[in-house]
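Report on one structure; see the data block that follows.
The values are calculated or read from the model by the stated rules, or taken from the named source; none is laboratory data. Just so it is clear, the model here is predicted, and its values are computed rather than measured. We place every Cβ from the backbone using ideal geometry, glycine too, and count neighbours over all the protein chains shown. Ligands, DNA and RNA are stripped out before the accessible areas are found, and what is left, the full protein with its side chains, is counted by its heavy atoms. Shrake-Rupley method; radii C 1.70, N 1.55, O 1.52, S 1.80 Å.
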Amino acid sequence: MNLIVNVDKNWAIGLNNKLLVHIPDDMKFFRQMTTGKVVVMGRKTLESFPNKMPLANRVNIVLTTDKTYEKKGAIIVHSQEELMKELEKYPSEDIFVIGGESIYKMMLPYCDVAHVTKVDYAYTADTYFPNLDAMPEWSITADSDEQTYFDLEYTFLKYERMK
């Protein structure tokens, strides 16, 4: 299973249910990686999307404790157990965990690959991703050259869980 995330230098991912930064090449990378695949998210992540609609050309699985929550174009699950049962229907390599904070933390133990766009800037934030650099079981196995968007510098990193 994979996850994909954009973090700042402190592993922050969001503020007030919004991404910290919108970098066109990062959005393009996200689309390339997840189109035609399965994306797993929490309700608040779904509701942060344009028009609060599921992502096109993907299987959208949304975890929420709200038993009455419905969203056209999304598969709604209400527990980690229900989520794991639903995910059994798909090849593990086709599954991408896309947030938010609690979903990332819950699903990290099941992921073997993490696609991390790391921005060299510290934002004000209220949600964070676990610091993979501080976890000995995760190693960077690929990285891009440093990229620049206006005055922001960022790198695409691929972390893999070492067996």
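Residue by residue, here is whether (1) without any contact (Cβ under 8 Å) to a residue 12 or more places away in the chain; (2) part of a strand (DSSP E or B) holds:
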site: LYS9; (1), (2): no, no
site: GLY14; (1), (2): no, yes
site: HIS22; (1), (2): yes, no
site: GLY36; (1), (2): no, no
site: PRO54; (1), (2): no, no
site: VAL62; (1), (2): no, yes
*Report, by residue number, each residue of the range 138-155 that is in a strand (DSSP E or B) and either among the β-branched types (Val, Ile, Thr) or more than 16 Å from LEU20 (Cα to Cα) (or both).*
TRP138, SER139, ILE140, THR141, ALA142, ASP143, GLN147, THR148, THR155
*Please tell me if ILE140 is in contact with a strand residue (DSSP E or B) (Cβ under 8 Å, 6 or more places away or on another chain) and surrounded by 17 or more Cβ atoms within 10 Å (Cβ to Cβ).*
no
*Hey, does the range 64-82 have a residue that's at pLDDT below 95, open to solvent by 50 Å² or more (accessible area, probe 1.4 Å), assigned to a helix (DSSP H, G or I) and of a type outside the set (A, V, I, L, M)?*
no
*Looking only at the range 92-103, decide whether some residue is surrounded by 14 or more Cβ atoms within 10 Å (Cβ to Cβ) and more than 17 Å from the chain's Cα centre (by Cα).*
no
*asked:* Taking the conditions exactly as written (crowded, with 16+ Cβ neighbours inside 10 Å, under 24 Å from PHE49 (Cα atoms), among the polar types (S, T, N, Q) and in contact with a Phe, Trp or Tyr (Cβ under 6 Å, 6 or more places away or on another chain)), does THR127 satisfy them or not?
replied: no
*What single numbered condition from (1) modelled with pLDDT under 95; (2) within 25 Å of VAL113 (Cβ to Cβ) fails to hold for LYS28?*
(1)
*What number of residues within the range 104-114 are touching a strand residue (DSSP E or B) at 6+ places or on another chain (Cβ under 7 Å) and open to solvent by 20 Å² or more (accessible area, probe 1.4 Å)?*
2
*Determine, yes or no, whether THR45 is loosely packed, with under 13 Cβ neighbours inside 10 Å, of a type outside the set (Gly, Ala, Ser) and either touching a strand residue (DSSP E or B) at 6+ places or on another chain (Cβ under 9 Å) or assigned to a loop (DSSP other than H, G, I, E, B) (or both).*
no
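Residue-wise test of (1) farther than 14 Å from ILE98 by Cβ; (2) in contact with a Lys or Arg (Cβ under 9 Å, 6 or more places away or on another chain).
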| site | (1), (2) |
| --- | --- |
| PRO54 | no, yes |
| VAL59 | no, yes |
| LEU63 | no, yes |
| LYS67 | yes, no |
| GLY73 | yes, no |
| HIS78 | yes, yes |
